[in-house]
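What follows is one structure encoded as structure tokens, with my remarks underneath.
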Amino acid sequence: MNNDSYYLAGNKLELYVKYKRKSQEDKNKQVASISSQERTFHETISFTNTQEPVADYEEEQSAKAPGRPKFNEMCQLLEQGKAKIIVCWALNRLARNPVDGGRIIWLVQNFGVKIVTPTQTYGIDDILLMYVEFGMSNKFITDLQKATKRGMDEKILAGHAPILAPIGYLNNTAKPQGLRDIIIDKRRFNLIRKMWDLLLDMQYSPPKILEIATNEWGLRRRNGRPLSDSQMYAMFGNIFYTGMYKYRGEILQGAHKQMITLEEFDKAQIILGRKGKPRVRAHEFPLTNLIKCMCASSITGTERFRKTCTNCHKRFNAQNYDKCPKCGTIAPQKVTHLIHYNCDKYLNPKCTQSGISGNDLERQIDELLTTLTIPQEFIDWTMDILRKDRQDDINVRADMLKNLKFAISAASRRLDNLSKKYFSEANKDGEILSDDEYIKLKNQYILERKQIEEKIKALGDTQDEWLDNSEKLFNFAKQARGWFEKGSADEKRAIVSALGINFVLKDKKLSVDLLKPIEKIQEAKAIMVQQPNTFEPEEKTAKSTQTTTFDPSNPIWGGQRESNPQPLDPQSSALTIELWPPY
């Protein structure tokens, strides 16, 4: 049958419109697909070569739901009688949902509109056929949605997040579609963890962390570009790094490797929410932003380079002068480097506290460390006692573990009961539990269970490691002076930070609230100096040996530094661990 015979009325060709559509799934194929439709019109529908359409619509949008603007514009034009024919690739180009399909059928049935495709013409006599084809198109979309949802549900039940993996992780494309999980990105995982550590330590601002990661570590995204500021802040706000993930408004447990704990994530949010910035380390001096002035302002450091004139003995700035500014004598080669700490007067511009030289401040810290220096014999004796007390500690932990396991069972039951209530027949209209209430409670219960699981893990870790931590604490007390004397600025800062909190400088005197374990060692040291026989090993050694070890005249009790302290390893020293058995 010649399609053209449908459009001749009194030897005049009826007006027509073109409609071409491609879904948005693949941007690279859209233009080619639409041009292919146009080419087929010219090859199969002859009147499109001899008469221009009233309107030519192109749309790059899915038809699975109503609301396409070009489609609606075309229907309005046809309802106004400005055209009688639609030229399109196939009926499913016009509609894949019952609303738009019904609108096309209404135009055919009530406005005399005809639809021409390269293989078929649809008119008033083809209404039933159109119902069938539109129904099949809609069923295809429905089946596809069900299959997709079923696949997503299976992935979620398996703990595999159906999302694009954030930096530090990769979507595992080696597995078939639907079975793909998220794995760590070996090139970036540890670098991202280091970025979290810098944020949690509150030593650098987020922009500085990004600068370090980009310029010093060479961190790049998978496309070779560095992280932007917004991407970094989004990363620090992504709960995915805790082993969980957010999907459709719900927080779900994932099967991917956890990078940080929930506690660390919460701390990071507090840091970023503190007027948008964490504490920033403004200088590279070891004690800045650690010590406060008595007026509550921060103590900041300055460095000076001085030379002393060999003629008139005037001291002057070595960076600004090649000659003595007083007598004109050529400046000597020797340069003295001085560090000075002062109140920055940020909170109290009228503060009258004097500054203190770096040498004087470090001398006071050295004197504090002297009060902690203990011999190896005392460490050995104390560790023997701790090991004997370990059994009681194990029994306490066992009771705690039992209670935590009971709590996690209770949390799981709450989740099960919540699901049963939500999906029950009595709640089909949401009368018992609404969707919002269900999601809110589910997220709450999942987080509670996650927190209990982390407590169980921490309890197990503590049980295995507390003796080792105690030994590291004693090792810290024994070698801290040597580390502080020979350490870098960062190492000195780490050692001082491990001593306590509330470092305050008043009248050039430093005070500090020692941490409990450090305080206990200090007390034990003082008692041993005053009463050397108070602490003795159960297995007596030779009297002369004991006297040498615990006599306060022993040089180590007088504050002598370790001549060759073991190198400071922040990863294994007491600086990075809990400094005392917590139970």
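Structure data summary
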| item | result |
| --- | --- |
| In the stretch 36-69, the residues that are out of contact with any helix residue (DSSP H, G or I) (no Cβ under 8 Å at 6 or more places or on another chain) and β-branched (V, I, T) | T40, T44, T50 |
| Selected residue (only one of D384, D399, D429, D464 is touching a Pro at 6+ places or on another chain (Cβ under 8 Å), surrounded by fewer than 17 Cβ atoms within 10 Å (Cβ to Cβ), at pLDDT below 85 and in the same structural domain as G500 (by TED's automatic domain parsing)) | D384 |
| Residue within the stretch 425-442 that is over 37 Å from the mean Cα position of the chain (by Cα), within 30 Å of T288 (Cα to Cα) and not in a helix (DSSP H, G or I) present | no |
| Within the stretch 473-502, tally of residues that are more than 16 Å from N359 (Cα to Cα), among the aliphatic types (A, V, I, L, M) and part of a helix (DSSP H, G or I) | 5 |
| Check on C343, surrounded by 13 or more Cβ atoms within 10 Å (Cβ to Cβ), hydrophobic (A, V, I, L, M, F, W, C), under 46 Å from the mean Cα position of the chain (by Cα) and at pLDDT 90 or above | yes |
| Test set (1) of a type outside the set (S, T, Y); (2) in contact (Cβ under 8 Å) with a residue 40 or more places away in the chain; (3) assigned by TED's automatic domain parsing to the domain that holds F474 - N417 fails condition number | (2) |
| Those helices (runs of 4 or more DSSP H) lying entirely in the stretch 127-223 with at least 3 residues out of contact with any Cys (no Cβ under 6 Å at 6 or more places or on another chain) and modelled with pLDDT under 80 | 127-157 |
| Criterion (at positive phi and basic (K, R)) met by exactly one of K350, K326, K345 | K345 |
| For L505: the one exception among (1) part of a helix (DSSP H, G or I); (2) in contact (Cβ under 8 Å) with a residue 24 or more places away in the chain; (3) over 30 Å from K405 (Cα atoms) | (1) |
| Qualifying residues in the stretch 1-22 (those that are among the hydrophobic types (A, V, I, L, M, F, W, C) and either touching a Phe, Trp or Tyr at 6+ places or on another chain (Cβ under 7 Å) or in a helix (DSSP H, G or I) (or both)) - the one modelled with the lowest pLDDT | L13 |
| Positions within the stretch 23-44 being at pLDDT 85 or above and not in a helix (DSSP H, G or I), in sequence order | none |
| Members of the stretch 234-263 that are more than 16 Å from I182 (Cα to Cα) and over 11 Å from the mean Cα position of the chain (by Cα) | R248, G249, E250, I251, E263 |
| Tabulated pairs, the stretch 230-247, first touching a residue at least 24 places away in the same chain (Cβ under 8 Å), second assigned to a strand (DSSP E or B) and buried (at least 19 other Cβ atoms within 10 Å of the Cβ), C-beta under 7 angstrom, 6+ apart or interchain | I239/Y245 |
| Matching residues, the stretch 477-500, being within 13 Å of Q522 (Cβ to Cβ) and of a type in the set (A, V, I, L, M, F, W, C) | A477, A480, L499 |
| Unique residue being under 40 Å from the mean Cα position of the chain (by Cα) and not small (G, A, S) when the list is K405, K326, K334 | K405 |
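The values are calculated or read from the model by the stated rules, or taken from the named source; none is laboratory data. The model shown is predicted, which means the values in this text are computed figures rather than measured ones. Please note: Cβ atoms are built from the backbone with ideal geometry, for glycine as well, and neighbour counts cover all protein chains shown.
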